[in-house]
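The values are calculated or read from the model by the stated rules, or taken from the named source; none is laboratory data. This structure is a prediction, so every number in the text was calculated from the model and none was measured. Because the Cβ atoms are built from the backbone with ideal geometry, glycine has one as well, and the counts that use them run over all protein chains shown. Note: accessible area is taken over every heavy atom of the protein model, side chains too, but ligands, DNA and RNA are not part of it. Shrake-Rupley method; radii C 1.70, N 1.55, O 1.52, S 1.80 Å.
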Amino acid sequence: MALDSKIPEGPIASKWTDYKNHINLVNPANKRNIDVIVVGTGLAGGSAAATLAELGYNVKAFCFQDSPRRAHSIAAQGGINAAKNYQGDGDSTFRLFYDTVKGGDYRAREANVHRLAEVSANIIDQCVAQGVPLAREYGGLLDNRSFGGTLVSRTFYAKGQTGQQLLLGAYSAMNRQIGRGKIQMYNRHEMLDLVIVNGKARGIIARNLVTGELERHSAHAVVLGTGGYGNVFFLSTNAMGSNVTAAWKIHKKGAYFANPCYTQIHPTCIPVSGDHQSKLTLMSESLRNDGRIWVPKNLEDAKAIREGRKKPTDLSEEERDYYLERRYPSFGNLVPRDVASRAAKERCDAGYGVNKTGEAVYLDFASAIIRYGKEQAKIKGLNTEDEALVKKLGTEVIENKYGNLFQMYEKIVDENPYVTPMMIYPAVHYTMGGIWVDYNLMTTIEGCYAIGEANFSDHGANRLGASALMQGLADGYFVLPYTIGDYLAKDIRTGKISTDLPEFEEAENNVRAQLERFINNKGTHTVDHFHKRLGKIMWDKVGMARNAQGLTEAIGEIAALREEFYRDVKVPGDMYSFNQELEKAMRVADFLELGELFAKDALHRNESCGGHFREEYQTEEGEAQRDDENFAYVAAWEYRGKPSEAVLHKEPLVFDNVKLVQRSYK
Amino acid sequence: MNLTLKIWRQKDARDKGRMVDYKISDVSGDMSFLEMLDVLNEDLNNKGEDPIAFDHDCREGICGMCSLFINGEAHGPDRGVTTCQLHMRKFKDGDTIYIEPFRAKAFPVIKDLVVDRSSFDRIQQAGGFISVNTSGNTIDANAIPIKKHDADRSFDAATCIGCGACVASCKNASAMLFVSAKVSQFALLPQGKVEATQRVLNMVNKMDEEGFGNCTNTGACEVECPKGISLENIARMNREYLFASVK
Ligand SMILES: Cc1cc2nc3c(=O)[nH]c(=O)nc-3n(C[C@H](O)[C@H](O)[C@H](O)COP(=O)(O)OP(=O)(O)OC[C@H]3O[C@@H](n4cnc5c(N)ncnc54)[C@H](O)[C@@H]3O)c2cc1C
Ligand code: SF4
Ligand code: FES
């Protein structure tokens, strides 16, 4: 099937408006006769479910957690971008669009990103109207900060808990509709397959995770807002339950999977401490506004620190290497994530790492504390030379800005970051790849949509900070409600879809067979055992830096591991009960297929771009070397029975509004 | 560290349940409490025993999914943290640790340490929102300035993660702290004032209907709340409620 991105004609700035003026609408009385399934209640799914219900559709919403409020989106810390230009520092729709396309290393679709920038300002208005308590200045107006990869302050935030507050906003909008009976909420339910009738998505098979029963749910359209697949690495900053299952199941049913290898590695995470570790914790990127990143200048000092003979505070300014400020004078510590991550890896690989394993660099707030302290002392008319006072005042400012992050760090590492600099290291964070969708957010299966992190569309190869939340809410509140209406307008006479159709029967039987297979397998190793091994292959060979040889090995190793998994995995308990091991087994099975496609995608992309770094393709200075001639396309994979047999389709990316240049943050 | 764990096992909602002893060795202080349980579960699973069910997701103290009553305290001995943020360095070699579910009539046990907290959702569905359309046709976000102080206090109330520790640690199994946090968040914002009366009545009535107990101002909830939600919110809710009832 040829890919048709359905990008509207006309100049970029008016595409979305023109589009909305010409789509089909569904009359309110007819909306009552139309059912929509929304899988996922994060920012994307939650906002979509609420909005569709408010428009009048019957919505059935699903999440595997015990409440929609607990979706992974809740964990987002730093903030959400919007081109409001409240700060008067030169922001605009175009500039947000431009920064995002550039930050995505020119591997995102222009039309989508422009639409995202257009609706971004509206998101903030919407959330504030819903009672989301975003940070304010003393004058009562909203406050902003800046994030990596941009030169303006356009990030709105709620301390270090922005995702939580935005999600609670969407959750409250959902609650309003649940209360009115317009949304039927299915907590602790997991979608395990998509049902296609006459080529159209018409329902899902879900497992009630409490009773283990399989359920059939029908609808006129199915929307996936099921998040990202970073947990294929086992260790990541994602919530433990985040998985690829829903996306992978629709992929197997015909939805193309785009750019699976585009993974964002986040530079500021708490380093790995041991084998027992189950996940990695992010320290928000906003910390880079005030924290300075460094390692010792001399190898002996680094060694002394690792062996506990020296403390970071023992080193003078001259003995420290603020390597980001040195290499990238104009962006300094605020370079984009891929650049900051690789720079940290480069220093650690060269022997300058500062924790026991040699995989950590410092994030230091000492100079910010002094700077803020002096400012406060001045404002309050106190002695700016009193060192203790200045430190105290400065610490208060930092605490006010990042208190909960500092507390989180202290709990995990058992060190006070106000006194000793934090240790950080890159970790897998966000996936820019995902289900391929057209401009309407529809997948290659008719009537099946993908929104938020589950789709691929807006971020290219390196998402800039604070833009995932923006995309999730833009898709859910402001884009999908229009585009899906255009599709559903054809369905007003269809009537209820029966769940007795043979297609439902067949899908349910397949899911049951898979579940039974695990229960009856009685192997010798646990699900986690296999997941950890998969994660290790992924991190070592498909992680921050990749090369053809490693990728080729990884493909073979993952396929072999998958076979072993099916032969030897052991899942206790039974199918018709609350069985967390069985839930994991179903998810890891899909990771074991995705992982292979991921490596295959990375292998075929003979260039470096953003979060995809192929060691063979770098500039003399070690920066990512794109190949626009040959790779300015979206790689959309079609499932053909096995990941190794997946067929590549290319959606060429056309850049009419931004010029493709080497990304430089110097 | 070597530890003895006494853990509540209950097959499903109908089962009576009992405490069962487990031994665990080589626990490192850097592990989180849940990672320690992961290790135990891996071991049980390898031995062919049913692993212990417990709820969790984000493992960084924000989703509110983890629970656990540890040595008689919700989320364990450390202050201001959830169970996933509790680290084993808070325990000593040779300790015996009691691990039970969050018990309350309105939180029925699903299995082992997992309870059903959907009553919290239903309270919010009864009124924990501002009735604004999600159409995007709202006024500019800066059209109504909000005092930083009010916005901050609203934010503080809004940081409740809905974990239920307040209910579990209250001798009356009252949900006042949780409900008051939500009521306060909106009560402190101009946007939330319009339907404040109806909101507080609906939410409080729903809370009673769900089988939560009364608040007798013992304050155990505030002590055990991982997010430092303050009793002030309960006072504010009581004022709102009183005001709404006489209206
Ligand atoms: C620690 C952290 C900090 C972050 N900070 C920021 C930030 O500051 N700014 C920013 O812009 N982005 C940030 N991000 C990224 C951002 O949070 C995510 O990309 C975004 O929230 C994803 O939203 P979503 O709605 O697409 O998916 P999610 O929030 O992941 O929601 C997925 C939903 O799908 C459901 N689901 C999944 N599979 C199934 C299934 N099979 N059946 C039923 N339900 C299913 C889940 O239950 C859940 O409800 C951060 C991410 C992390 C991990
Ligand atoms: S008030 Fe505190 S203890 Fe109660 S649910 Fe909220 S965060 Fe948990
Ligand atoms: S697992 Fe999310 S708060 Fe503990």
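Cross-link reach is defined here as a Cα-Cα straight distance under 18 Å, omitting same-chain residues fewer than 8 places apart; for B:LYS171 the lysines meeting it are B:LYS105. Are there residues in region A:84-114 whose accessible area shrinks by at least 40 Å² when all protein chains are included rather than the chain by itself, and which are they (probe 1.4 Å, ligands and nucleic acids not counted)? Correct list: A:TYR86.
Summing +1 for each Lys or Arg and -1 for each Asp or Glu among the other residues whose beta-carbon sits under 11 angstrom from that of A:GLY332 gives +4.
For chain A, the solvent-accessible area of protein heavy atoms averages 33 Å² per residue (probe radius 1.4 Å; ligands and nucleic acids excluded).
Using a probe radius of 1.4 Å on heavy atoms only, what accessible surface per residue do you get for chain B? Whole Å² is fine.
Value for chain B: 39 Å² per residue.
Any lysines with Cα under 24 Å of the B:LYS193 Cα? List them, leaving off those in the same chain fewer than 8 positions away. Leaving aside lysines fewer than 8 places away in the same chain, those within reach of B:LYS193 are A:LYS159, B:LYS147, B:LYS148, B:LYS182, B:LYS206, B:LYS247.
Evaluate E = 1/(1 + (r/R0)^6) for A:ASN657 and A:ASN298, where r is the Cβ-Cβ distance and R0 equals 41 Å; express this FRET efficiency to the nearest 0.05. Once rounded, the FRET efficiency stands at 0.30.
Determine, for each peptide in A:177-185, A:255-263, the mean count of other beta carbons within 10 angstrom over its residues, then list the peptides with the highest first. Provide the component values of the computation, followed by the final result.
Values: A:177-185: 19.2, A:255-263: 28.1.
The densest-packed peptide leads the list: A:255-263, A:177-185.
Distance between the C-alpha centres of region B:28-73 and region A:206-258: 24 Å, rounded to the whole angstrom. Between B:ALA173, B:ALA104, B:ALA143, the Gaussian network model of chain B with springs among Cα atoms under 10 angstrom shows the greatest mean-square fluctuation at B:ALA143. Ranked by the mean number of other Cβ atoms within 10 Å of their residues, highest first, the peptides A:331-341, A:79-89 come out as A:331-341, A:79-89.
With a 1.4 Å probe and all protein chains left in place, how much of the accessible area of region A:35-158 comes from carbon and sulfur atoms, in whole percent? Provide the component values of the computation, followed by the final result.
Details: 1260 of 2540 Å².
On region A:35-158, the fraction of accessible area on carbon and sulfur atoms equals 50 percent.
A straight Cα-to-Cα reach below 23 Å connects A:LYS311 with the lysines A:LYS297, A:LYS303, A:LYS345, A:LYS356, A:LYS391, A:LYS392, A:LYS411, residues fewer than 8 places away in its own chain not being considered.
Assign unit charges at the C-beta atoms only (+1 for Lys and Arg, -1 for Asp and Glu), then state the dipole size of the protein assembly as shown relative to its Cα centre in Debye, rounded to the nearest 20. Please list the in-between numbers first.
Details: 111 positive and 119 negative charges, 378 e Å.
For the protein assembly as shown, the charge dipole is close to 1820 debye.
Projecting the Cα atoms of B:PHE129, A:PRO652, A:THR162 onto the charge dipole of the protein assembly as shown (Cβ charges, centred on the Cα centre) puts B:PHE129 farthest toward the positive pole.
Under the rule of -39500 (n - 2.57) per DSSP H run of 4 or more residues, summed and divided by the residues of chain A, what mean residue ellipticity at 222 nm is obtained, to the nearest 500 deg cm²/dmol? Walk me through the numbers before you get to the answer.
Details: 19 runs with 248 residues, N = 666.
Taken over chain A, the calculation gives -12000 deg cm²/dmol.
Which one of A:ILE451, A:VAL113, A:LEU134 is farthest out on the positive end of the charge dipole of the protein assembly as shown, using unit charges on Cβ (Lys, Arg +1; Asp, Glu -1) and the Cα centre as origin? Working it through, the farthest residue towards the positive pole turns out to be A:LEU134. Lysine pairs in region A:533-666 with Cα distance under 24 Å, only those 8 or more apart or on different chains: how many are there? Taking the Cα cut-off of 24 Å, the pair count is 14.
Report the relative contact order of region A:600-666, percent, no decimals, based on alpha-carbon pairs under 8 angstrom and at least 6 residues apart.
Taking the mean separation of contacting Cα pairs over the length of region A:600-666, I get 21 percent.
Per residue of B:139-150, other chain Cβ atoms within 10 Å of the residue Cβ number 6 on average.
With only the Cα atoms considered, region A:516-666 has a convex hull volume of 152 Å³ per residue. Once C-alpha pairs closer than 8 Å and six or more residues apart are averaged by separation and normalised to the residue number of chain B, the relative contact order reads 20 percent. Taking all protein chains as present, what is the carbon and sulfur share of the accessible area of region A:387-533, in % to the nearest whole number, probe 1.4 Å? Carbon-and-sulfur percentage of accessible area, whole number: 48.
State the percentage of accessible surface on region B:1-41 attributable to carbon and sulfur atoms; use a 1.4 Å probe and exclude ligands, DNA and RNA.
On the way: 990 of 2030 Å².
Reported share for carbon and sulfur atoms: 49 percent.
Across all C-alpha atoms in region B:59-117, the radius of gyration and Dmax reach 11.9, 36 Å. With no solvent and one equal point scatterer per Cα, compute the Debye intensity ratio I(q)/I(0) for chain B at 0.10 Å⁻¹ and report its log10, rounded to two decimals. Log10 of I(q)/I(0), two decimals: -0.54. By the Kirkwood approach, averaging reciprocal distances over each pair of separate Cα atoms, region A:15-165 gets a hydrodynamic radius of 17.4 Å.
When the gyration tensor of region A:381-421 is built from Cα positions, what are the square roots of 5 times its three eigenvalues, in whole Å, from largest to smallest?
Numbers: eigenvalues 116, 25, 4 Å².
Ellipsoid semi-axes (Å, largest first): 24, 11, 5.
Plainly put, region A:170-319 has a radius of gyration that is 1.16 times its Kirkwood radius, both from alpha-carbon atoms, as the Rg/Rh ratio. Shielding of peptide B:46-53 by partners, expressed as the average count of other chain Cβ atoms within 10 Å per residue Cβ, is 4.
Calculate, in whole percent, how much of the Cα-Cα pair population of region A:5-90 lies beyond 20 Å. Every Cα pair in region A:5-90 considered, those over 20 Å come to 60 percent. Interface residues of region A:139-171, defined as those with an accessible-area decrease of at least 30 Å² between the chain by itself and the complete set of protein chains (probe 1.4 Å), are A:GLY140, A:LEU141, A:LYS159, A:GLN161, A:GLN164, A:GLN165, A:LEU168, A:TYR171. Note: relative contact order over chain A, using C-alpha pairs below 8 Å and six or more positions apart, is 21 percent. Buried surface for the A/B pair, taken as the accessible area of each chain alone minus that of the pair with a 1.4 Å probe, is close to 6100 Å² in total.
For region A:301-423, divide the Cα radius of gyration by the Kirkwood radius and give the resulting Rg/Rh value with two decimals.
On the way: Rg = 15.9 Å, Rh = 15.9 Å.
Rg divided by Rh gives 1.00.
Beyond 25 Å, what share of the Cα-Cα pairs of region A:478-604 remains, rounded to the nearest whole percent? Don't skip to the end; give the middle numbers.
Working: 3892 of 8001 pairs.
Summing the P(r) of region A:478-604 above 25 Å gives 49 percent of all pairs.
Every helix of 4 or more DSSP H residues in chain B counts as -39500 (n - 2.57), and over all residues that averages to -10500 deg cm²/dmol at 222 nm. In bins 5 Å wide, starting from 0, what share of all Cα pairs of region A:387-533 does each bin hold, as a percent? That works out to 2, 6, 9, 9, 9, 11, 12, 12, 10, 7, 5, 3, 2, 1, 1, 0, in percent per bin.
Shown for region B:114-129: residues covered by the partner protein chains by 10 Å² or more of accessible area relative to the chain by itself (probe radius 1.4 Å), namely B:VAL114, B:ARG117, B:SER118, B:ASP121, B:GLN124, B:GLN125, B:GLY128, B:PHE129. Taking every alpha-carbon pair in region A:96-142 and binning the separations at 5 Å intervals from zero gives 5, 19, 20, 14, 14, 15, 10, 3, 0 percent.
Among the residues of A:571-579, the average count of other protein chain beta-carbon atoms within 10 Å of the residue beta-carbon is 4. Once divided by 2.2 N^0.38 Å, the Cα radius of gyration of the protein assembly as shown becomes 0.89.
Just to be sure I understand the rule: take each whole DSSP H helix in chain A, project its Cα atoms onto its long axis, keep it if the span is 27 Å or more and its mean Kyte-Doolittle hydropathy is at least -0.5. Which ones pass?
Values: long enough: A:110-129 (30 Å, 0.28); A:387-413 (29 Å, -0.17); A:502-521 (28 Å, -1.19); A:548-568 (30 Å, -0.30); A:580-604 (36 Å, -0.10).
What comes out of the filter, once short or polar helices are dropped, is A:110-129, A:387-413, A:548-568, A:580-604.
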